[in-house]
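The values are calculated or read from the model by the stated rules, or taken from the named source; none is laboratory data. All values derive from a computational prediction rather than experimental measurement. Cβ atoms come from the backbone with ideal geometry, glycine included; neighbour counts cover every protein chain shown. To get the accessible areas, we keep the full protein, side chains included, count just its heavy atoms, and leave off ligands, DNA and RNA. Shrake-Rupley method; radii C 1.70, N 1.55, O 1.52, S 1.80 Å.
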Amino acid sequence: MSYIWTFILALLIAVVATPISMVLGHRWGAIAIPGGRHVHKRPVPRIGGLAIYAAFWLAVVFTQKWDFELTGLFIGSTVIVGVGLWDDIKDMRPWTKLFWQIAAASVLLLFGFSVDQITLPYFETIRLGWFGGLLAIFWVIGLVNTVNISDGLDGLAAGICFMAAILLFWSANRIDQVGPAHLTIALAGSALGFLFYNFHPAKVFMGDTGSMFLGYIIGGISIMGLLKTATVLGLVFPLIVLGMPLTDLTFAIIRRKIHGQSIGQADRGHLHHRLLDAGLSQRQAVLVLYAMSACFGIAAVLGTLNLWIWAALLLIADFTFILTIMLRRNRALTGLARKHSK
C-alpha cells in the first residue's frame with residue numbers, strides 16, 4: 001500500500017506542477033522553436049522537467065526516511081537539473097555540458113555510490129577497487145545521455161522512462177530493495193503525471209532539464225540498489241530495459257564518426273526521425289517505439305526469470321527491426337530525388 005501512495009503522490013504533484021513549469025517556460029524564454037531537426041509545428045515551453053524533478057523529490061520527502069545516500073542523490077540530481085535548465089534557456093556547448101555531467105555524476109562518489117564488485121556466473125566475485133568509481137561515473141553519464149537522446153517526439157522519453165521505472169521497481173521489489181523500489185515507483189508516477197501534458201500534441205516539453213534528470217535518477221538508483229546485489233544482472237537489467245534509446249545512441253555515435261561530426265552534434269538521423277520519414281505520424285511513431293521498448297523490458301524480465309532463450313529471441317527480433325529501420329533507404333526521399341532529377 002505504501003508503494004501505491006508514493007506513486008499516486010508523485011503523479012498528482014506532477015499533474016499540478018507541470019502547468020506551473022509551462023508558465024515559467026514562457027516567462028524565462030525557455031521555448032522550443034519549430035524548424036531544423038525539430039518536428040513540432042508551434043512554439044512549446046521546454047522546461048517541464050522542473051515538474052518531474054519537483055514531483056519526484058516531494059514524493060520522496062513525504063514518504064521516505066531521509067539518509068546519507070538520498071542526500072547525495074538529491075545534490076547530484078539538483079546539479080544536473082541546473083545544467084539542463086541553463087541549457088534549455090541559454091544553450092550550452094556540448095563539451096561544457098559533458099563537463100557538468102561528469103561533475104554531477106562525481107557527486108555520487110562522495111556519498112558512497114560506487115560499483116565495488118561484480119559477481120559473474122560460474123566465476124568468483126571480481127573486486128573493482130578504484131575502477132568501480134570510474135564505472136559509476138561512466139554508468140550515470142551514459143544513462144543521462146541515453147535518455148536525453150530519446151527525447152525527440154511528444155511523449156517519447158517520458159513514456160520510455162515510465163516503463164523503465166516500472167520494470168526497475170519490479171526488479172528492486174523482487175530482491176527486497178525497499179528504498180530503491182520506492183524511488184523507482186516515485187519516478188514512474190512523476191513521469192506519468194508529466195505525460196498527461198506531453199503526449200502528442202504536446203503542451204510542454206521536458207527539455208534537457210527533464211531528460212538528464214530522468215537518466216541521472218535511473219543511473220543513481222540502479223547503483224544504490226540493483227548494483228549492490230553485486231551480480232552481473234544488476235548491470236545488464238537497466239541496459240536491456242533502456243535498450244531502444246541505448247541502441248539509437250550507439251547508432252548516433254557511429255553515424256557522426258563516419259561523417260566526421262562531433263559526437264555531441266545533433267542531427268536528424270535518429271530512430272524516431274526514420275519512422276517519421278517512412279510516413280508514420282508522430283503518435284504512430286511513438287507507439288511503435290513504446291512497443292519496441294516494451295519488448296526490451298519483457299526480455300529483461302525473461303532473463304531475470306532464467307528464460308534466456310526466449311529473452312534472446314525477443315532481443316534478436318527487436319534489434320533486427322531497429323537495424324531494418326536505421327539502414328533502410330527512405331522511399332519518400334528517394335522519390336523526391338528522382339522527381340528533381342527529371
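Annotations for the structure displayed:
- If you filter the stretch 230-274 down to residues that are in a loop (DSSP other than H, G, I, E, B) and buried (at least 20 other Cβ atoms within 10 Å of the Cβ), you find that the one that is modelled with the lowest pLDDT is His270.
- Contacts under 6 angstrom Cβ, first residue in the stretch 19-30 being within 9 Å of Pro45 (Cβ to Cβ) and touching a residue at least 12 places away in the same chain (Cβ under 8 Å), partner open to solvent by 50 Å² or more (accessible area, probe 1.4 Å) and part of a loop (DSSP other than H, G, I, E, B), 6 or more apart: Ala30/Arg46
- Scanning the stretch 306-325 for residues that are modelled with pLDDT under 85 and part of a loop (DSSP other than H, G, I, E, B) returns a single hit, Asn306.
- Test: residue in the stretch 97-106 that is surrounded by 17 or more Cβ atoms within 10 Å (Cβ to Cβ) and in contact with a Leu (Cβ under 9 Å, 6 or more places away or on another chain): no
- Scanning the stretch 275-286 for residues that are surrounded by 17 or more Cβ atoms within 10 Å (Cβ to Cβ), aliphatic (A, V, I, L, M) and farther than 11 Å from Ile322 by Cβ gives Leu276, Ala285, Val286.
- Residues within the stretch 128-155 that are closer than 21 Å to Leu276 by Cβ, open to solvent by less than 10 Å² (accessible area, probe 1.4 Å) and small (Gly, Ala, Ser), tallied: 2
- Listed by first and then second residue, the pairs linking a residue in the stretch 179-202 that is closer than 14 Å to Phe56 by Cβ to a residue that is modelled with pLDDT under 95 and β-branched (Val, Ile, Thr), with Cβ atoms under 7 Å apart and 6 or more places separating them unless they lie on different chains, are Pro180/Ile221; His182/Thr63; Leu183/Ile221; Thr184/Ile221; Ala188/Ile166.
- Failed item in (1) open to solvent by less than 40 Å² (accessible area, probe 1.4 Å); (2) in contact with a Leu (Cβ under 8 Å, 6 or more places away or on another chain), with Leu24 passing the rest: (1)
- Scanning the stretch 48-60 turns up no residue that is surrounded by 21 or more Cβ atoms within 10 Å (Cβ to Cβ) and at pLDDT below 85.
- Look at the stretch 269-286: where a residue is on the phi > 0 side of the Ramachandran plot and a partner is among the aliphatic types (A, V, I, L, M) and in a helix (DSSP H, G or I), sitting 6+ places away or on another chain with Cβ atoms under 9 Å, you get Gly279/Ala332.
- So Leu192, is it touching a helix residue (DSSP H, G or I) at 6+ places or on another chain (Cβ under 8 Å), modelled with pLDDT under 90 and among the hydrophobic types (A, V, I, L, M, F, W, C): no
- Thr334 assigned to a helix (DSSP H, G or I), at pLDDT below 90, of a type in the set (Val, Ile, Thr) and open to solvent by less than 70 Å² (accessible area, probe 1.4 Å): yes
- Of all residues making up the stretch 157-182, the number that are open to solvent by less than 20 Å² (accessible area, probe 1.4 Å), under 16 Å from Leu195 (Cβ atoms), in contact with a Phe, Trp or Tyr (Cβ under 8 Å, 6 or more places away or on another chain) and not β-branched (Val, Ile, Thr): 2
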